[in-house]
Amino acid sequence: STPAVSPQVGSHRDISLESLSLFRLLEPQIEILVVGTGDRVERLHPATLKQMRECGIAVEVQDTANACATFNFLMNERRLVAAGLIPP
């Protein structure tokens, strides 16, 4: 099963390095975190994205419907991927 964004995340504004900490603890370490921000693509704080990259994890931010499709595609490619999805 795929980890979800931690429970304190109600919207894209709640996504922080702390709320994404679960994804940095996974073993084996994921390469890509796909974040679905609901009905539309929302910008995440640039510092959060930078800190995730520094941990070796690329972050792909999309609306949730496209994030699900991207996650499935990456899984089929056998990539080490996780998804954090905010319901639309």
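Of all residues being in a loop (DSSP other than H, G, I, E, B) and either touching a Pro at 6+ places or on another chain (Cβ under 6 Å) or small (Gly, Ala, Ser) (or both) in the range 39-79, which is nearest to Leu20 (Cα to Cα)? Just the residue, please. Lay out the reasoning, then the answer.
Of the range 39-79, the ones in a loop (DSSP other than H, G, I, E, B) are 39-45, 55-57, 63, 77-79.
Narrowing the set further to residues that are either touching a Pro at 6+ places or on another chain (Cβ under 6 Å) or small (Gly, Ala, Ser) (or both) leaves 39, 56.
Details: Asp39: 20, Gly56: 13 Å.
Of everything passing the filter in the range 39-79, Gly56 is nearest to Leu20 (Cα to Cα).
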*Are any residues in the range 43-87 touching a residue at least 60 places away in the same chain (Cβ under 8 Å) and aliphatic (A, V, I, L, M), and if so, which ones?*
Ala82, Ala83, Leu85, Ile86
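Just for the range 18-63: of the residues that are hydroxyl-bearing (Ser, Thr, Tyr) and open to solvent by less than 40 Å² (accessible area, probe 1.4 Å), which one is farthest from Ala83 (Cα to Cα)?
Step one: of the range 18-63, the residues hydroxyl-bearing (Ser, Thr, Tyr) are 19, 21, 37, 48.
Subset that is open to solvent by less than 40 Å² (accessible area, probe 1.4 Å): 19, 37, 48.
On the way: Ser19: 13, Thr37: 11, Thr48: 16 Å.
Looking at residues that are hydroxyl-bearing (Ser, Thr, Tyr) and open to solvent by less than 40 Å² (accessible area, probe 1.4 Å), I get Thr48.
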*From the set of residues in the range 71-87 that are in contact with a Gly (Cβ under 9 Å, 6 or more places away or on another chain) and surrounded by 13 or more Cβ atoms within 10 Å (Cβ to Cβ), which is farthest from Arg13 (Cα to Cα)?*
Phe71
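The values are calculated or read from the model by the stated rules, or taken from the named source; none is laboratory data. Predicted, not measured: the structure shown is a model, and the values here were computed from it. Cβ coordinates were reconstructed from backbone atoms using ideal geometry, including for glycine residues, and neighbour counts include every protein chain displayed. Areas reflect the complete protein model, heavy atoms only, side chains present, ligands, DNA and RNA absent. Shrake-Rupley method; radii C 1.70, N 1.55, O 1.52, S 1.80 Å.
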